[in-house]
Amino acid sequence: MLRMAGKVALITGAGAGMGRAHAVRLAEEGADIIALDVAEGALAESAMMVRAHGRRVVTAVADVCDLAAVEAGVGTGVAELGRLDTIVANAGVTENPGPSWTIDENLWERSMAVNLTGVWHTVKAGVAALGPGGGSVIIISSTAGIKAVAGASHYTAAKHAVVGLARTLANELGPRSIRVNTVHPGAVDTAMTINPATFARLRPDLAAPTADDVAQVLSRNHLLPVPWVEAVDVSNAVLFLASDEARYITGLQMVVDAGLTQKVG
Ligand SMILES: NC(=O)c1ccc[n+]([C@@H]2O[C@H](COP(=O)([O-])OP(=O)(O)OC[C@H]3O[C@@H](n4cnc5c(N)ncnc54)[C@H](O)[C@@H]3O)[C@@H](O)[C@H]2O)c1
């Protein structure tokens with residue numbers, strides 16, 4: 001029996017990176033997908049990957065900052081696919097602008113709009129469609145939602161804030177058998193981390209650092225001897241929390257970080 005058979009999952013930021021990985025992994029286990037993203041071409045590619053697993057998919061170009069657009073995308077998806085069981089609030093953005101007091105106001109507001117308010121919009125748009133049998137809300141935070149990331153307080157603050165949102169939602173939605181959990185990835189092999197700007201920040205000693213050059217630096221942050229986790233490792237955590245295997249798990253902060261948050265020294 002597939003672990004998501006008969007279920008429909010809404011995923012934001014589904015056009016690339018982890019959002020795409022969640023869509024494909026949940027589809028492999030039998031879920032139909034409502035996929036939202038700002039990037040139309042990437043979204044179409046993700047949709048093809050979901051269909052390759054024989055599942056249905058409804059896509060919507062929607063910025064999570066725009067509540068009306070998210071509501072419209074969710075409404076179309078639920079009308080077409082007939083139900084909603086899982087909400088994965090995944091869309092997020094980050095940079096490493098520097099000390100808190102130097103962060104540009106627009107950058108700060110943008111981080112709050114996407115990483116915090118966008119999550120709230122996603123839940124707000126989706127919760128009413130979760131059926132009488134309950135459901136699972138999964139909010140993608142970060143290890144930056146557990147410990148500080150110097151130079152990125154706009155991101156750290158938003159990723160901590162969604163934990164408060166999730167805890168509150170878990171209390172509010174528990175009586176409806178809706179579980180609410182956060183997932184906290186460490187470094188992941190997506191464009192958000194594997195990019196030239198990150199390489200340059202982590203290896204200022206090199207003129208043109210590569211992924212291999214930063215791998216040593218990132219590995220030192222971990223208990224396990226790996227530089228980053230793969231997107232599918234996070235998707236497997238999302239799958240578990242979405243599935244009935246996690247039927248009594250709510251209010252959890254599930255860390256997928258190769259030991260980053262537990263490393264001493
Ligand atoms: N990559 C990492 O190392 C890492 C670590 C911890 C947490 N995270 C979190 O995981 C989530 C996914 O990150 P990723 O690595 O897949 O990022 P990514 O940059 O690879 O992909 C993000 C996707 O979200 C979409 N998106 C961005 N802003 C959007 C918006 N306003 N509305 C709708 N879609 C939007 C992008 O178009 C893209 O398709 C984010 O919440 C991120 O903060 C990432």
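Can you pull out every residue in the range 200-232 that is surrounded by 20 or more Cβ atoms within 10 Å (Cβ to Cβ) and free of Cβ contacts under 8 Å to residues at least 24 places away in the same chain? The answer is V214, and nothing else. Candidates G126, G151, G133: the one that is assigned by TED's automatic domain parsing to the domain that holds V61, within 28 Å of D37 (Cα to Cα), loosely packed, with under 14 Cβ neighbours inside 10 Å and in contact (Cβ under 8 Å) with a residue 24 or more places away in the chain is G133. Residues being closer than 30 Å to L202 by Cα and in a strand (DSSP E or B) are entirely absent from the range 57-77. The set of residues from the range 93-123 being surrounded by 15 or more Cβ atoms within 10 Å (Cβ to Cβ), outside any helix (DSSP H, G or I) and out of contact with any Lys or Arg (no Cβ under 8 Å at 6 or more places or on another chain) comprises T94, E95, P97, I103. Given (1) of a type in the set (A, V, I, L, M, F, W, C); (2) outside the structural domain of A113 (by TED's automatic domain parsing); (3) in contact with a strand residue (DSSP E or B) (Cβ under 7 Å, 6 or more places away or on another chain), where does M1 come up short, assuming only one miss? Against the list (1) of a type in the set (A, V, I, L, M, F, W, C); (2) outside the structural domain of A113 (by TED's automatic domain parsing); (3) in contact with a strand residue (DSSP E or B) (Cβ under 7 Å, 6 or more places away or on another chain), M1 comes up short only on (3). The set of residues in the range 149-181 that are at pLDDT 95 or above, more than 14 Å from the ligand (Cβ to nearest atom) and closer than 18 Å to M192 by Cβ comprises G151, S153.
The values are calculated or read from the model by the stated rules, or taken from the named source; none is laboratory data. This one's a predicted model, so the numbers in the text were calculated from it and none came from an experiment. Quick reminder, even Gly has a Cβ in these numbers, built from the backbone with ideal geometry, and neighbours come from all protein chains shown.
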